[in-house]
Amino acid sequence: MPNLTKTILVAAVIAVPLWFYVQPETEANIEQPATAPEILSVRIAQPQSISSYQPLVFNSRVEAIEQSDIFARADGYVESRHVDIGDEVKQGDLLAKLSSPELEQEILQAKAEINRQKAMLDLTEKVAKRYTNLRDSGAVNATEVDEKEAELAVAKATLATYQARLEQLENEFAYTEIVAPFDGIITRRLAERGNRITRNDAMPLFRISRTDQLRVIVDIPQTQLFIIDQQQAAQLTLPDLGNKQIDVPISRVSREVNRETGTMRVEYLLENAELNLPAGLSGELAIQVQERADAVRIPVNALKTIQGKPSVMLVNVDNQVEVKTVRVGRLDNSEVEILSGLITEDRVILNPNARLAEGVKVTVSE
């Protein structure tokens, strides 16, 4: 009996691994083939060539060709004011007169000092001349003569100092007359009769503007700087003039992009000989753009920023995604101008999503 039991155990040990080895294959232990990657479906559009170029339109402001705030350069009271806002003035016209009693008193004192010093100088000259004559006769020695000549030199120097002081005071007094620095129009008047004025005041007395010519100022984004045509006049539209268009030639380009706004200032010149237009108007400026034979348009929803650069995703001949960096021009609500990087035969993916990347296989949907 023990031998029979031992035989059965040995047979069982051999049979168990054999059963695992030869058991029939089931669905669970059959190795499944690898799942094929999903092929994404995309919609495409082809770039369109540009047959005509519309001008770029910017908000603009109109400013005087020349403008200056007029400050006092002397202390005093406004004795009289000769102009008011809106008055046309010529260069050198008297705008206001200041009364400066303190300055007038200083001038009188300076003149009195000069008169006294002239009398002193006359006396010193006579003494020096007499000592020179006495030296020749041997009545005085050379040292005494030198002393009198030194006194004469001091008297002359003192008179020159007093005269320079008087000249300075008179020049300062001339500033009590406030005159126009150039032809123009008084656009601000802040001085009234009786006002106390000092040369250190932060507030000007007047503002004068020359408006026979006007500056039309526009700030152009750096992305559009190199596509505007600087050889052609721009068209200024002023809503308050019934949207009449006025041609204005380019006048100045600042040649510096503002770091804060990313724009560069450009100025156009508006002739205003009849002074019909005031400074301070706002309007729209339409600037012609340079035509580019290789520029195309694509839907704006095809543009994407990849690694900080404007880019698009294309479907190549192998139906794989290809990423291209492009240079962007003008942008509107539905389309964007591509200055370089695309041709009309390209197939541009619309609304590219995060699942698309370089080399991904796609299929084009109708």
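Read-outs: derived from the displayed coordinates by stated rules, not from any lab. It should be emphasised that the depicted structure is a prediction, and the values quoted were computed from it without experimental measurement. A quick note on method: Cβ atoms are made from the backbone with ideal geometry, for glycine too, and the neighbour counts reach across all protein chains shown.
Relative to the longest principal axis of the Cα atoms of the chain, the long axis of helix 2-22 lies at roughly 50 degrees. So what does log10 I(q)/I(0) come out to for the chain at q = 0.08 Å⁻¹, using the Debye formula with one equal point on every Cα and no solvent? For the requested q values the scattering log ratios are -0.76.
May I ask for the angle, rounded to the nearest 10°, between helix 101-137 and the longest principal axis of the chain, with both axes built from Cα atoms and the value confined to 0 to 90°? Once rounded, one gets 50 degrees. The count of lysine pairs in the chain with alpha-carbon distances below 24 Å, taking only pairs 8 or more places apart or on different chains, stands at 17.
When peptides 214-221, 118-125 are sorted by average Cβ neighbour count within 10 Å, with the highest value leading, the order is 214-221, 118-125.
In region 142-158, whose amide N lies under 16 Å from the spot 7 Å out along Cα-to-Cβ of LYS126? List them in ranges. Label zone hits: 152. Basic side chains Lys and Arg get +1 at the Cβ, acidic Asp and Glu get -1 at the Cβ, and with that the dipole of region 101-174 about its Cα centre reaches some 400 debye.
Mean projection of the Cα convex hull over all viewing directions, computed for region 101-174: 4.9 nm². Each Lys or Arg adds one and each Asp or Glu takes one away; over the other residues whose Cβ falls under 14 Å from the Cβ of ARG61, this sums to -3.
Taking other Cβ atoms within 10 Å as a rough exposure proxy, MET313, MET203 sort from fewest to most as MET203, MET313. When peptides 76-82, 243-249 are ranked by their average number of other Cβ atoms within 10 Å per residue, the highest-first order is 76-82, 243-249.
Against the main long axis of the alpha-carbon atoms of the chain, helix 142-174 sits at an angle near 60°.
The H on the amide N of GLN230, modeled in the peptide plane, is under 5 Å from the matching H of no residue at least 5 residues off or on a different chain.
Based on the mean of other Cβ atoms within 10 Å per residue, sort peptides 132-143, 38-49 so the most packed one is first.
Values: 132-143: 11.3, 38-49: 14.1.
My ranking of the peptides, most packed first, is 38-49, 132-143.
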